[in-house]
1. At 1.4 Å probe size, with the rest of the protein present, what percent of the exposed accessible area of segment 55-114 is carbon and sulfur atoms?
2. Give me, ordered by chain and number, the residues 5 or more places off Leu55 or on other chains with an amide H under 5 Å from its own placed amide H.
3. Determine, from the Cβ-Cβ distance of Val138 and Ser82 and an R0 of 22 Å, the FRET efficiency 1/(1 + (r/R0)^6), rounded to the nearest 0.05.
4. Roughly what would the spin-label model give for Phe70 and Lys96, points 7 Å off Cα along C-beta, in nm?
5. Starting from the Cα-Cα distance between Asp63 and Thr127, subtract it from 0.36 nm times their residue separation and give me the gain in nm to one decimal.
6. Residue by residue through segment 57-70, what is 3J(HN,Hα) from phi via Karplus (6.51 cos²θ - 1.76 cosθ + 1.60, θ = phi - 60°)? Round to whole Hz and write x for glycine and proline.
7. Under a point-charge model restricted to the Cβ atoms of Lys and Arg (+1) and Asp and Glu (-1), what is the dipole moment magnitude of segment 60-142 relative to its Cα centre, in debye to the nearest 20?
Amino acid sequence: MRSPLLLILIFVCLSGCGNDDDNAPDDGPEKSALNPPDWILGTWTDEADSDFGILISFEFLPDNVKSDVFGISINFKEMAASAGANIDEVSNSSVKYSFRLSDTGGLLLNQVYLFQKTTDDNAIIYTLTTDGVSSDSVLFRL
């Protein structure tokens, strides 16, 4: 599980350099590529461990997803706007929510974040797939 998380951290570091073009035309309000379903809204974390505390958390908002991985915060909506990352919803249903994150050229990173509802309303299965390699964990509602 640490390998995909390392790739997230590398992407966050590399994406800090965006193209800030102040001469770009203003097309009005931007529609977010992220629109999580109602059942997932709120904050979800991995199970707190007495030695490490919370390692991963996701906050699902009506038009955004935010994450904290090992203390590094990721705002996916801002990342797409400032770093030029591509974010596309893959699935948005009553039992599954997923989105794809990739760099604009598609050369450095291709990640799919998948969240699946379980029979327990306070737990979801989280799968991160990075360039075909997947890791699963369970997240719990805060």
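1. Looking at segment 55-114 in its full context, I get 51 percent from C and S.
2. It is Asp46, by chain and number.
3. 0.10
4. 2.9 nm
5. Contour length minus the Cα-Cα distance gives 21.0 nm.
6. Each residue's phi maps through the Karplus curve to give 9, 10, 10, 9, 10, x, 9, 6, 10, 10, 9, 10, 10, 6 Hz.
7. With only Lys, Arg, Asp and Glu charged at Cβ, the dipole is about 100 debye.
The values are calculated or read from the model by the stated rules, or taken from the named source; none is laboratory data. Because the structure is predicted, anything quoted here is derived from the model rather than measured. Note that we place each Cβ from the backbone using ideal geometry, even for glycine, and neighbour counts take in every protein chain shown. We work out accessible area using only protein heavy atoms, side chains counted, and drop any ligands, DNA or RNA first. Shrake-Rupley method; radii C 1.70, N 1.55, O 1.52, S 1.80 Å.
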